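**Student:** To start, I am sharing the structure in question, which I have written as structure tokens.
The values are calculated or read from the model by the stated rules, or taken from the named source; none is laboratory data. The model shown is predicted, which means the values in this text are computed figures rather than measured ones. Cβ placement follows ideal geometry from the backbone for every residue including glycine, while neighbour counts extend to all protein chains displayed.
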Amino acid sequence: MPRRPWRCYRRFDTPPYTRKEYIRSIPHVQIPKFTLGNIHGKYNMVYRLVVMEAGQISQNALEAARLGAYKYLTRKLGEQNFFMKIVIYPHHIIRENKMMAMAGADRLQDGMRLSFGTPIGRAARVRKGQTVIVVKADESQIEIVKEALRRAASKLPLKCKIFVEPGGN
């Protein structure tokens, strides 16, 4: 079975760890662009991907969702016929108390002594009903945009819904 390192971080019950002045090695944000497509286009529909439960979304999952939706939209519609934006930002820094699991590891690690952990990545904390991705496009492309957002939702660890509403700019 493949290792899924982020499954432990889907829920949260501690305060966010965001004070960068106290953290020695801050992981970089791995999302190169938050706005994609034609920013100045005129669109008459807004499509939103909304999470249905509170939780954390890792930067890796956000990047996978962004890339999957963007590639599908550019292949089907072209670069100039839509606008897509990632609304949330991964502020929270994830820590891990690294444990060795091999022969002789009991002599090399401290267990729970000084177990604050080292930074390993970032995550965005979201509330129930918060928008993750916004896509603006024309009404004639409703099925293509909904399929792109469905593909993006499959990459996220939380349940999501797609909302379609009129209005654009």
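**Student:** Can you say whether I31 is touching a strand residue (DSSP E or B) at 6+ places or on another chain (Cβ under 6 Å) and either within 22 Å of R127 (Cβ to Cβ) or modelled with pLDDT of 95 or more (or both), as far as the supplied structure shows?
**Tutor:** Details: touching a strand residue (DSSP E or B) at 6+ places or on another chain (Cβ under 6 Å): no; either within 22 Å of R127 (Cβ to Cβ) or modelled with pLDDT of 95 or more (or both): yes.
When the stated conditions are applied, I31 does not pass them.
**Student:** Counting only residues that are of a type in the set (V, I, T) and farther than 13 Å from V87 by Cβ, which one in region 130-162 is surrounded by the most Cβ atoms within 10 Å (Cβ to Cβ)? Spell out how you get there, then give the answer.
**Tutor:** Residues of region 130-162 that are of a type in the set (V, I, T), as a first pass: 131-135, 142, 144-145, 162.
Cutting the leftovers down to farther than 13 Å from V87 by Cβ gives us 142, 144-145, 162.
Details: I142: 13, I144: 18, V145: 26, I162: 18.
Checked region 130-162; the qualifying residue surrounded by the most Cβ atoms within 10 Å (Cβ to Cβ) is V145.
**Student:** Could you check how many residues of region 62-73 are in contact (Cβ under 8 Å) with a residue 12 or more places away in the chain and either surrounded by 21 or more Cβ atoms within 10 Å (Cβ to Cβ) or under 13 Å from E147 (Cα atoms) (or both)?
**Tutor:** First pass over region 62-73, keeping only residues in contact (Cβ under 8 Å) with a residue 12 or more places away in the chain: 62-66, 68-70, 72-73.
Then drop every residue that is not either surrounded by 21 or more Cβ atoms within 10 Å (Cβ to Cβ) or under 13 Å from E147 (Cα atoms) (or both), which leaves 62, 65-66, 68-70, 72-73.
The qualifying residues number 8.
**Student:** On to the next question. Tell me whether region 127-142 contains one or more residues that are more than 29 Å from N97 (Cβ to Cβ), part of a strand (DSSP E or B) and hydroxyl-bearing (S, T, Y).
**Tutor:** Yes, region 127-142 contains a residue that is more than 29 Å from N97 (Cβ to Cβ), part of a strand (DSSP E or B) and hydroxyl-bearing (S, T, Y).
**Student:** Pick out the one residue from S140, S115 that is at pLDDT 90 or above, farther than 19 Å from P32 by Cβ and hydroxyl-bearing (S, T, Y). Spell out how you get there, then give the answer.
**Tutor:** Values: S115 fails: at pLDDT 90 or above.
After ruling out the rest, the residue left standing is S140.
**Student:** Evaluate region 72-82: report whether one residue or more is at pLDDT 85 or above, closer than 20 Å to V51 by Cα and in contact with a Leu (Cβ under 8 Å, 6 or more places away or on another chain). Steps first, answer last, please.
**Tutor:** Our first condition is that a residue be at pLDDT 85 or above; within region 72-82, this holds for 72-82.
The next check asks that each one be closer than 20 Å to V51 by Cα; those that pass are none.
There is no residue in region 72-82 that is at pLDDT 85 or above, closer than 20 Å to V51 by Cα and in contact with a Leu (Cβ under 8 Å, 6 or more places away or on another chain).
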